[in-house]
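Here's a structure for you.
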Amino acid sequence: MHCGTLVLFISLYLTLVGLCEPLDNGLARTPPMGWIAWERFKCTTDCKLYPDNCISERLFRAMADKLVEDGWKDLGYQYVNIDDCWSAMVRDINGKLQPDPDRFPSGIKGLAEYVHFKGLKLGIYGDLGHSTCGGYLGTLLETVDLDARTFAEWEVDMLKLDGCNSNSTERSIGYPKMSYALNATGRPIVYSCSWPAYEDGLLPKVNYTLVSQLCNLWRNYDDINDSWNKVIAIINWFGDHQEDLQPAAGPGRWNDPDMLMVGNFGLNQDQSKAQLAIWAILAAPFFMSNDLRTISDDAKALLQNKLLIYIDQDKLGQQGVRIKKDEDFQLWKRKLAHGQFALAYLNTAERGGAKSFSLSLPPLGIKDCAHGYNVYDVFDKKLVSFLNSNHTHSFRVNPRSVVLFFIRPVC
Ligand SMILES: *[C@@H]1O[C@H](CO)[C@@H](O)[C@H](O)[C@H]1NC(C)=O
Ligand SMILES: *[C@@H]1O[C@H](CO)[C@@H](O)[C@H](O)[C@H]1NC(C)=O
Ligand SMILES: *[C@@H]1O[C@H](CO)[C@@H](O)[C@H](O)[C@H]1NC(C)=O
Ligand SMILES: *[C@@H]1O[C@H](CO)[C@@H](O)[C@H](O)[C@H]1NC(C)=O
(Lines give C-alpha, C1' and ligand atoms only; values in the text may rest on other atoms or scores of the structure.)
(Ligands and ions follow the chains in the order given, each with its own letter.)
Protein backbone atom coordinates (compact mmCIF):
# COMPACT_ATOMS: atom_id res chain seq x y z
CA MET A 1 0.00 0.00 0.00
CA HIS A 2 1.16 3.50 -0.77
CA CYS A 3 2.63 5.16 2.28
CA GLY A 4 0.61 8.38 2.01
CA THR A 5 -2.59 6.38 1.82
CA LEU A 6 -1.51 4.37 4.83
CA VAL A 7 -0.84 7.48 6.89
CA LEU A 8 -4.16 8.97 5.85
CA PHE A 9 -5.90 5.77 6.78
CA ILE A 10 -4.26 5.68 10.19
CA SER A 11 -5.13 9.32 10.94
CA LEU A 12 -8.73 8.63 9.96
CA TYR A 13 -8.76 5.63 12.21
CA LEU A 14 -7.42 7.65 15.12
CA THR A 15 -9.91 10.43 14.55
CA LEU A 16 -12.72 7.91 14.48
CA VAL A 17 -11.78 6.38 17.77
CA GLY A 18 -11.02 9.82 19.15
CA LEU A 19 -7.67 9.06 20.77
CA CYS A 20 -4.69 11.25 19.99
CA GLU A 21 -2.75 11.31 23.24
CA PRO A 22 0.50 9.38 23.83
CA LEU A 23 -0.07 5.91 25.25
CA ASP A 24 -0.99 6.69 28.79
CA ASN A 25 -1.20 3.43 30.66
CA GLY A 26 1.37 4.54 33.21
CA LEU A 27 3.56 1.53 32.45
CA ALA A 28 7.20 0.97 31.48
CA ARG A 29 8.35 4.40 32.68
CA THR A 30 11.82 2.86 32.52
CA PRO A 31 12.73 0.11 30.03
CA PRO A 32 11.06 -3.12 31.16
CA MET A 33 13.32 -5.92 32.42
CA GLY A 34 12.86 -9.64 32.68
CA TRP A 35 13.24 -12.95 30.97
CA ILE A 36 11.73 -14.28 27.75
CA ALA A 37 11.75 -17.78 26.36
CA TRP A 38 12.25 -17.25 22.66
CA GLU A 39 15.90 -17.26 21.61
CA ARG A 40 17.01 -19.92 24.07
CA PHE A 41 14.00 -22.26 24.04
CA LYS A 42 12.46 -21.39 20.65
CA CYS A 43 9.56 -23.63 19.70
CA THR A 44 10.57 -26.71 21.67
CA THR A 45 7.33 -28.60 22.21
CA ASP A 46 8.57 -32.17 22.64
CA CYS A 47 8.28 -32.51 26.40
CA LYS A 48 9.17 -36.21 26.32
CA LEU A 49 12.57 -35.56 24.82
CA TYR A 50 13.08 -32.19 26.56
CA PRO A 51 11.05 -32.30 29.77
CA ASP A 52 12.92 -29.39 31.35
CA ASN A 53 13.26 -27.25 28.24
CA CYS A 54 9.99 -27.51 26.37
CA ILE A 55 7.61 -24.53 26.23
CA SER A 56 5.45 -25.45 29.21
CA GLU A 57 4.30 -24.04 32.51
CA ARG A 58 7.09 -26.04 34.10
CA LEU A 59 9.72 -23.98 32.28
CA PHE A 60 8.16 -20.64 33.24
CA ARG A 61 7.72 -21.68 36.87
CA ALA A 62 11.35 -22.75 36.99
CA MET A 63 12.48 -19.37 35.60
CA ALA A 64 10.20 -17.51 38.01
CA ASP A 65 11.75 -19.46 40.89
CA LYS A 66 15.26 -18.59 39.71
CA LEU A 67 14.43 -14.90 39.18
CA VAL A 68 13.52 -14.70 42.84
CA GLU A 69 16.10 -17.07 44.36
CA ASP A 70 19.12 -15.69 42.57
CA GLY A 71 18.52 -11.99 43.13
CA TRP A 72 17.31 -11.07 39.63
CA LYS A 73 13.95 -9.82 40.79
CA ASP A 74 15.46 -7.47 43.35
CA LEU A 75 17.56 -5.91 40.58
CA GLY A 76 14.48 -5.18 38.46
CA TYR A 77 14.15 -8.28 36.27
CA GLN A 78 10.47 -8.75 36.97
CA TYR A 79 8.76 -10.03 33.81
CA VAL A 80 8.55 -13.73 32.97
CA ASN A 81 7.55 -13.76 29.31
CA ILE A 82 6.08 -16.54 27.27
CA ASP A 83 6.85 -16.32 23.55
CA ASP A 84 5.51 -18.31 20.60
CA CYS A 85 4.24 -21.92 20.63
CA TRP A 86 2.24 -21.82 23.86
CA SER A 87 -1.23 -22.15 22.36
CA ALA A 88 -3.35 -25.11 21.40
CA MET A 89 -3.97 -25.54 17.68
CA VAL A 90 -7.64 -24.57 17.87
CA ARG A 91 -9.67 -21.99 19.76
CA ASP A 92 -12.12 -23.19 22.41
CA ILE A 93 -15.86 -23.53 21.80
CA ASN A 94 -16.33 -19.84 22.63
CA GLY A 95 -13.73 -18.81 20.08
CA LYS A 96 -11.17 -17.93 22.75
CA LEU A 97 -7.46 -18.61 22.65
CA GLN A 98 -6.40 -21.49 24.84
CA PRO A 99 -3.01 -22.89 25.83
CA ASP A 100 -1.82 -26.35 24.89
CA PRO A 101 -3.54 -28.46 27.55
CA ASP A 102 -0.69 -30.92 28.03
CA ARG A 103 2.02 -28.30 28.38
CA PHE A 104 -0.04 -25.78 30.38
CA PRO A 105 -2.34 -27.95 32.54
CA SER A 106 -2.99 -25.08 35.00
CA GLY A 107 -3.87 -22.72 32.16
CA ILE A 108 -2.27 -19.32 31.67
CA LYS A 109 -4.31 -18.01 34.57
CA GLY A 110 -2.84 -20.64 36.87
CA LEU A 111 0.65 -19.75 35.70
CA ALA A 112 -0.08 -16.03 36.21
CA GLU A 113 -1.16 -16.76 39.78
CA TYR A 114 2.08 -18.59 40.44
CA VAL A 115 4.18 -15.82 38.92
CA HIS A 116 2.28 -13.11 40.84
CA PHE A 117 2.65 -15.04 44.07
CA LYS A 118 6.40 -14.78 43.52
CA GLY A 119 6.11 -10.99 43.15
CA LEU A 120 6.77 -11.14 39.41
CA LYS A 121 4.76 -10.33 36.29
CA LEU A 122 3.69 -12.53 33.40
CA GLY A 123 4.04 -11.68 29.73
CA ILE A 124 2.35 -13.46 26.87
CA TYR A 125 2.81 -13.58 23.11
CA GLY A 126 0.32 -13.06 20.33
CA ASP A 127 0.57 -12.58 16.61
CA LEU A 128 -1.50 -10.34 14.44
CA GLY A 129 -2.20 -12.63 11.50
CA HIS A 130 -3.91 -15.89 10.63
CA SER A 131 -1.23 -17.81 12.54
CA THR A 132 1.89 -17.07 14.58
CA CYS A 133 5.41 -17.24 13.14
CA GLY A 134 5.63 -20.77 14.57
CA GLY A 135 2.25 -21.80 13.13
CA TYR A 136 0.16 -21.47 16.31
CA LEU A 137 -3.07 -19.52 16.86
CA GLY A 138 -2.97 -15.98 15.54
CA THR A 139 -5.10 -12.96 16.32
CA LEU A 140 -7.31 -11.82 13.46
CA LEU A 141 -8.67 -8.31 13.25
CA GLU A 142 -12.05 -9.73 14.30
CA THR A 143 -10.62 -11.40 17.41
CA VAL A 144 -8.48 -8.51 18.68
CA ASP A 145 -11.06 -7.43 21.28
CA LEU A 146 -11.82 -10.94 22.45
CA ASP A 147 -8.14 -11.82 22.70
CA ALA A 148 -7.37 -8.67 24.68
CA ARG A 149 -10.17 -9.56 27.11
CA THR A 150 -8.89 -13.12 27.35
CA PHE A 151 -5.37 -11.93 28.24
CA ALA A 152 -6.84 -9.58 30.85
CA GLU A 153 -8.99 -12.39 32.32
CA TRP A 154 -5.87 -14.48 32.63
CA GLU A 155 -4.26 -11.57 34.51
CA VAL A 156 -1.43 -11.20 32.08
CA ASP A 157 0.80 -8.11 32.57
CA MET A 158 2.46 -7.74 29.18
CA LEU A 159 1.70 -8.62 25.58
CA LYS A 160 4.20 -8.98 22.77
CA LEU A 161 2.24 -8.81 19.53
CA ASP A 162 4.17 -10.25 16.60
CA GLY A 163 3.28 -9.66 12.96
CA CYS A 164 3.90 -12.84 10.95
CA ASN A 165 1.24 -13.75 8.38
CA SER A 166 -0.38 -10.35 8.12
CA ASN A 167 -0.01 -7.60 5.54
CA SER A 168 0.81 -3.96 6.03
CA THR A 169 -2.82 -2.81 5.88
CA GLU A 170 -3.92 -5.35 8.44
CA ARG A 171 -1.11 -4.29 10.75
CA SER A 172 -2.00 -0.61 10.38
CA ILE A 173 -5.46 -1.47 11.67
CA GLY A 174 -4.66 -4.29 14.08
CA TYR A 175 -1.84 -2.77 16.14
CA PRO A 176 -3.86 0.36 17.05
CA LYS A 177 -6.94 -1.76 17.60
CA MET A 178 -5.13 -3.96 20.10
CA SER A 179 -3.83 -0.89 21.91
CA TYR A 180 -7.39 0.37 22.45
CA ALA A 181 -8.64 -3.11 23.24
CA LEU A 182 -6.03 -3.58 25.97
CA ASN A 183 -6.90 -0.18 27.39
CA ALA A 184 -10.60 -1.09 27.36
CA THR A 185 -9.98 -4.15 29.53
CA GLY A 186 -9.02 -1.80 32.36
CA ARG A 187 -6.04 -4.02 33.20
CA PRO A 188 -2.61 -2.36 32.94
CA ILE A 189 -0.82 -4.44 30.29
CA VAL A 190 2.53 -3.42 28.83
CA TYR A 191 2.15 -3.50 25.05
CA SER A 192 5.12 -4.55 22.93
CA CYS A 193 4.59 -4.13 19.20
CA SER A 194 6.63 -5.81 16.50
CA TRP A 195 4.91 -3.52 14.01
CA PRO A 196 7.86 -1.25 12.98
CA ALA A 197 10.12 -4.25 12.37
CA TYR A 198 7.65 -5.50 9.76
CA GLU A 199 7.69 -2.11 7.99
CA ASP A 200 11.51 -1.85 7.76
CA GLY A 201 11.68 0.21 10.93
CA LEU A 202 12.35 3.63 9.36
CA LEU A 203 10.69 6.89 8.44
CA PRO A 204 8.60 7.66 6.52
CA LYS A 205 7.12 4.16 6.35
CA VAL A 206 7.00 3.99 10.14
CA ASN A 207 5.45 6.91 11.97
CA TYR A 208 7.17 6.70 15.36
CA THR A 209 5.02 9.46 16.80
CA LEU A 210 2.05 7.25 16.15
CA VAL A 211 3.75 4.06 17.31
CA SER A 212 4.73 5.68 20.60
CA GLN A 213 1.12 6.77 21.14
CA LEU A 214 0.05 3.15 20.87
CA CYS A 215 2.81 0.94 22.23
CA ASN A 216 5.13 0.89 25.25
CA LEU A 217 7.94 -0.74 23.33
CA TRP A 218 8.46 -1.95 19.82
CA ARG A 219 10.86 -4.01 17.81
CA ASN A 220 12.49 -1.96 15.05
CA TYR A 221 14.76 -4.42 13.31
CA ASP A 222 15.74 -8.08 12.74
CA ASP A 223 15.55 -10.81 15.33
CA ILE A 224 18.74 -11.22 17.27
CA ASN A 225 20.58 -14.53 17.32
CA ASP A 226 23.35 -15.95 19.46
CA SER A 227 26.25 -14.52 17.45
CA TRP A 228 28.55 -11.51 17.53
CA ASN A 229 27.77 -10.85 13.84
CA LYS A 230 24.14 -10.29 14.67
CA VAL A 231 24.87 -8.18 17.75
CA ILE A 232 27.18 -5.88 15.81
CA ALA A 233 24.72 -5.71 12.89
CA ILE A 234 22.02 -4.52 15.30
CA ILE A 235 24.38 -2.00 16.92
CA ASN A 236 25.34 -0.64 13.50
CA TRP A 237 21.74 -0.40 12.35
CA PHE A 238 20.69 1.50 15.49
CA GLY A 239 23.64 3.86 15.08
CA ASP A 240 23.07 4.39 11.36
CA HIS A 241 19.39 5.25 11.89
CA GLN A 242 19.54 7.04 15.21
CA GLU A 243 18.01 10.21 13.77
CA ASP A 244 14.80 8.30 13.13
CA LEU A 245 14.91 6.22 16.28
CA GLN A 246 16.33 8.29 19.11
CA PRO A 247 13.50 10.86 19.38
CA ALA A 248 10.89 8.11 19.56
CA ALA A 249 12.14 6.80 22.92
CA GLY A 250 11.26 8.16 26.33
CA PRO A 251 9.49 7.15 29.53
CA GLY A 252 6.71 4.71 28.61
CA ARG A 253 7.93 4.23 25.00
CA TRP A 254 11.08 2.37 24.01
CA ASN A 255 12.89 1.12 20.95
CA ASP A 256 13.68 -2.56 21.38
CA PRO A 257 16.88 -3.89 19.79
CA ASP A 258 15.79 -7.39 21.00
CA MET A 259 16.81 -9.91 23.64
CA LEU A 260 20.03 -10.10 25.66
CA MET A 261 22.11 -13.08 24.51
CA VAL A 262 24.42 -12.96 27.52
CA GLY A 263 24.62 -16.35 29.23
CA ASN A 264 24.19 -18.42 26.05
CA PHE A 265 26.80 -19.95 23.74
CA GLY A 266 27.69 -17.41 21.08
CA LEU A 267 29.21 -14.41 22.86
CA ASN A 268 32.40 -14.44 24.90
CA GLN A 269 32.79 -12.26 27.99
CA ASP A 270 34.09 -9.24 26.02
CA GLN A 271 31.31 -9.47 23.44
CA SER A 272 28.75 -9.90 26.19
CA LYS A 273 29.93 -6.65 27.78
CA ALA A 274 29.60 -4.94 24.40
CA GLN A 275 26.01 -6.04 23.98
CA LEU A 276 25.07 -4.93 27.50
CA ALA A 277 26.86 -1.58 27.26
CA ILE A 278 25.26 -0.55 23.98
CA TRP A 279 21.83 -1.81 25.05
CA ALA A 280 22.12 0.32 28.21
CA ILE A 281 23.17 3.34 26.15
CA LEU A 282 20.15 2.71 23.91
CA ALA A 283 17.80 2.65 26.93
CA ALA A 284 16.80 -0.80 25.69
CA PRO A 285 14.46 -3.20 27.42
CA PHE A 286 16.56 -5.79 29.26
CA PHE A 287 15.00 -9.14 28.44
CA MET A 288 17.36 -12.05 28.91
CA SER A 289 16.76 -15.17 26.88
CA ASN A 290 19.03 -17.69 28.55
CA ASP A 291 18.76 -20.54 31.04
CA LEU A 292 18.84 -19.15 34.55
CA ARG A 293 19.26 -22.68 35.96
CA THR A 294 22.64 -23.20 34.35
CA ILE A 295 23.95 -19.69 33.66
CA SER A 296 27.66 -19.18 34.39
CA ASP A 297 28.81 -17.00 37.25
CA ASP A 298 30.59 -14.72 34.78
CA ALA A 299 27.47 -14.09 32.71
CA LYS A 300 25.40 -13.63 35.82
CA ALA A 301 27.84 -11.07 37.19
CA LEU A 302 27.56 -9.03 33.99
CA LEU A 303 23.77 -9.13 33.89
CA GLN A 304 23.54 -8.28 37.57
CA ASN A 305 25.93 -5.33 37.40
CA LYS A 306 24.14 -2.62 39.38
CA LEU A 307 25.72 0.38 37.71
CA LEU A 308 24.92 -1.05 34.27
CA ILE A 309 21.29 -1.49 35.31
CA TYR A 310 21.28 2.00 36.82
CA ILE A 311 22.37 3.43 33.45
CA ASP A 312 19.80 1.44 31.50
CA GLN A 313 17.04 2.42 33.90
CA ASP A 314 17.94 6.11 34.13
CA LYS A 315 14.87 8.18 34.96
CA LEU A 316 15.41 10.76 32.21
CA GLY A 317 14.70 7.96 29.74
CA GLN A 318 16.73 9.58 27.00
CA GLN A 319 18.15 7.18 24.44
CA GLY A 320 21.87 7.62 23.80
CA VAL A 321 23.56 8.18 20.47
CA ARG A 322 26.67 7.20 18.57
CA ILE A 323 28.85 10.29 18.43
CA LYS A 324 31.84 8.86 16.55
CA LYS A 325 32.45 6.01 14.19
CA ASP A 326 35.38 4.87 12.13
CA GLU A 327 36.28 1.51 10.70
CA ASP A 328 37.28 -0.12 13.99
CA PHE A 329 35.79 2.11 16.61
CA GLN A 330 32.54 3.61 17.84
CA LEU A 331 31.90 6.02 20.67
CA TRP A 332 28.42 6.06 22.21
CA LYS A 333 27.11 8.59 24.70
CA ARG A 334 23.99 8.73 26.81
CA LYS A 335 22.89 11.73 28.84
CA LEU A 336 21.55 10.68 32.21
CA ALA A 337 19.65 12.46 34.96
CA HIS A 338 21.44 14.75 37.45
CA GLY A 339 24.13 15.85 34.98
CA GLN A 340 25.50 12.32 34.68
CA PHE A 341 26.62 10.56 31.51
CA ALA A 342 27.43 7.12 30.22
CA LEU A 343 30.10 6.64 27.56
CA ALA A 344 30.82 3.42 25.70
CA TYR A 345 34.07 2.97 23.77
CA LEU A 346 33.42 0.09 21.39
CA ASN A 347 36.35 -1.50 19.61
CA THR A 348 34.92 -3.36 16.61
CA ALA A 349 38.25 -4.50 15.17
CA GLU A 350 38.46 -8.12 14.09
CA ARG A 351 42.24 -8.40 14.27
CA GLY A 352 44.99 -7.17 16.55
CA GLY A 353 45.06 -6.52 20.25
CA ALA A 354 43.79 -3.98 22.74
CA LYS A 355 43.71 -0.41 21.48
CA SER A 356 44.59 2.73 23.47
CA PHE A 357 42.17 5.58 23.99
CA SER A 358 42.07 8.68 26.07
CA LEU A 359 39.04 10.28 27.54
CA SER A 360 38.79 14.01 28.05
CA LEU A 361 35.57 15.84 28.64
CA PRO A 362 35.57 19.04 26.53
CA PRO A 363 35.52 17.32 23.10
CA LEU A 364 32.56 15.26 24.27
CA GLY A 365 30.47 18.32 24.97
CA ILE A 366 30.54 17.58 28.68
CA LYS A 367 31.10 20.96 30.21
CA ASP A 368 33.30 21.42 33.17
CA CYS A 369 31.56 21.53 36.49
CA ALA A 370 33.21 23.42 39.33
CA HIS A 371 34.46 20.34 41.16
CA GLY A 372 35.00 18.02 38.18
CA TYR A 373 33.68 14.55 37.45
CA ASN A 374 34.23 11.12 38.89
CA VAL A 375 34.73 8.47 36.22
CA TYR A 376 33.70 4.89 36.98
CA ASP A 377 34.53 1.85 34.90
CA VAL A 378 31.20 0.03 34.99
CA PHE A 379 32.43 -3.51 34.32
CA ASP A 380 35.58 -3.20 36.44
CA LYS A 381 33.35 -1.74 39.15
CA LYS A 382 35.75 0.95 40.21
CA LEU A 383 36.41 4.64 40.27
CA VAL A 384 39.16 5.03 37.68
CA SER A 385 39.66 8.73 37.39
CA PHE A 386 38.73 12.21 38.43
CA LEU A 387 38.41 14.62 35.51
CA ASN A 388 38.03 18.29 34.94
CA SER A 389 38.71 20.09 31.67
CA ASN A 390 42.48 19.80 32.14
CA HIS A 391 42.69 16.05 32.62
CA THR A 392 42.55 12.99 30.44
CA HIS A 393 42.08 9.34 31.34
CA SER A 394 43.92 6.72 29.26
CA PHE A 395 42.75 3.14 28.93
CA ARG A 396 42.62 0.20 26.53
CA VAL A 397 39.77 -1.64 24.88
CA ASN A 398 39.99 -5.22 23.60
CA PRO A 399 38.83 -5.98 20.06
CA ARG A 400 35.12 -6.81 19.89
CA SER A 401 34.70 -5.38 23.32
CA VAL A 402 33.80 -2.22 25.12
CA VAL A 403 34.75 -0.05 28.04
CA LEU A 404 31.70 1.54 29.61
CA PHE A 405 32.15 4.61 31.77
CA PHE A 406 29.71 6.20 34.16
CA ILE A 407 30.50 9.88 34.67
CA ARG A 408 29.14 11.70 37.69
CA PRO A 409 29.60 15.39 38.51
CA VAL A 410 31.17 16.07 41.88
CA CYS A 411 29.62 19.52 42.07
C1 LIG B 1 -4.29 -7.61 3.07
O2 LIG B 1 -5.13 -8.64 3.53
C3 LIG B 1 -6.51 -8.40 3.34
C4 LIG B 1 -7.26 -9.58 3.93
O5 LIG B 1 -7.26 -9.50 5.30
C6 LIG B 1 -6.83 -8.25 1.89
O7 LIG B 1 -8.20 -7.94 1.72
C8 LIG B 1 -5.99 -7.15 1.28
O9 LIG B 1 -6.19 -7.11 -0.10
C10 LIG B 1 -4.51 -7.39 1.59
N11 LIG B 1 -3.78 -6.22 1.14
C12 LIG B 1 -2.64 -6.32 0.47
C13 LIG B 1 -2.00 -5.02 0.10
O14 LIG B 1 -2.15 -7.37 0.19
C1 LIG C 1 -6.63 3.90 29.20
O2 LIG C 1 -6.38 5.15 28.58
C3 LIG C 1 -6.68 6.29 29.42
C4 LIG C 1 -6.55 7.53 28.58
O5 LIG C 1 -5.31 7.60 27.94
C6 LIG C 1 -5.76 6.25 30.61
O7 LIG C 1 -6.01 7.34 31.47
C8 LIG C 1 -5.94 4.94 31.35
O9 LIG C 1 -5.02 4.86 32.42
C10 LIG C 1 -5.74 3.76 30.43
N11 LIG C 1 -6.04 2.52 31.13
C12 LIG C 1 -5.36 1.41 30.98
C13 LIG C 1 -5.79 0.26 31.79
O14 LIG C 1 -4.43 1.30 30.20
C1 LIG D 1 2.36 10.65 12.57
O2 LIG D 1 1.38 10.40 13.53
C3 LIG D 1 1.02 11.55 14.27
C4 LIG D 1 0.14 11.09 15.42
O5 LIG D 1 -0.84 10.25 15.01
C6 LIG D 1 0.35 12.53 13.35
O7 LIG D 1 -0.04 13.68 14.07
C8 LIG D 1 1.34 12.91 12.27
O9 LIG D 1 0.70 13.74 11.31
C10 LIG D 1 1.88 11.67 11.56
N11 LIG D 1 3.00 12.07 10.73
C12 LIG D 1 3.02 11.88 9.44
C13 LIG D 1 4.25 12.31 8.70
O14 LIG D 1 2.09 11.38 8.85
C1 LIG E 1 22.61 -15.00 12.83
O2 LIG E 1 22.89 -13.72 12.36
C3 LIG E 1 23.99 -13.63 11.45
C4 LIG E 1 24.25 -12.18 11.17
O5 LIG E 1 23.13 -11.57 10.60
C6 LIG E 1 23.66 -14.43 10.22
O7 LIG E 1 24.76 -14.40 9.32
C8 LIG E 1 23.34 -15.86 10.60
O9 LIG E 1 22.91 -16.57 9.47
C10 LIG E 1 22.25 -15.90 11.65
N11 LIG E 1 22.05 -17.25 12.11
C12 LIG E 1 20.85 -17.80 12.13
C13 LIG E 1 20.78 -19.19 12.61
O14 LIG E 1 19.85 -17.19 11.80
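The values are calculated or read from the model by the stated rules, or taken from the named source; none is laboratory data. Every value quoted in this text rests on a predicted model; they were computed, and no experiment measured them. We place every Cβ from the backbone using ideal geometry, glycine too, and count neighbours over all the protein chains shown. Just so you know, the surface numbers come from the protein's heavy atoms only, side chains and all, with ligands and any DNA or RNA stripped out. Shrake-Rupley method; radii C 1.70, N 1.55, O 1.52, S 1.80 Å.
I'd like the full set of residues that are assigned to a loop (DSSP other than H, G, I, E, B) and surrounded by fewer than 16 Cβ atoms within 10 Å (Cβ to Cβ), limited to region 226-239.
Within region 226-239, just S227 meets the criteria.
Same structure, new question: With the condition kept exactly as written, say whether any residue in region 254-266 is at pLDDT 95 or above, more than 20 Å from A148 (Cα to Cα), within 16 Å of ligand 4 (Cβ to nearest atom) and among the charged types (D, E, K, R).
Yes, region 254-266 contains at least one residue that is at pLDDT 95 or above, more than 20 Å from A148 (Cα to Cα), within 16 Å of ligand 4 (Cβ to nearest atom) and among the charged types (D, E, K, R).
Another question, if that's okay. In region 211-231, which residue that is out of contact with any strand residue (DSSP E or B) (no Cβ under 9 Å at 6 or more places or on another chain) and over 12 Å from D258 (Cβ atoms) is farthest from ligand 1 (Cβ to nearest atom)?
Checking each candidate, the answer is W228.
I'm trying to understand the selection: among the residues of region 155-173, which are surrounded by 18 or more Cβ atoms within 10 Å (Cβ to Cβ) and either within 16 Å of ligand 3 (Cβ to nearest atom) or not assigned by TED's automatic domain parsing to the domain that holds N220 (or both)?
R171, S172
Related question: Are any residues in region 93-111 under 13 Å from F60 (Cβ atoms) and buried (at least 22 other Cβ atoms within 10 Å of the Cβ), and if so, which ones?
P99, F104, I108, L111 - these are the residues of region 93-111 that are under 13 Å from F60 (Cβ atoms) and buried (at least 22 other Cβ atoms within 10 Å of the Cβ).
Only one residue in A184, A152 is open to solvent by 30 Å² or more (accessible area, probe 1.4 Å) and either farther than 20 Å from W86 by Cα or not charged (D, E, K, R) (or both). Which one?
Step by step, each of A184, A152 is checked, and only A184 is open to solvent by 30 Å² or more (accessible area, probe 1.4 Å) and either farther than 20 Å from W86 by Cα or not charged (D, E, K, R) (or both).
Further, regarding this structure: Determine which member of the set A283, A342, A301 is modelled with pLDDT of 95 or more, in a loop (DSSP other than H, G, I, E, B) and hydrophobic (A, V, I, L, M, F, W, C).
A283
Can you name every residue in region 345-376 that is farther than 23 Å from L316 by Cα and part of a strand (DSSP E or B)?
L346, N347, K355, S356, F357, S358, L359
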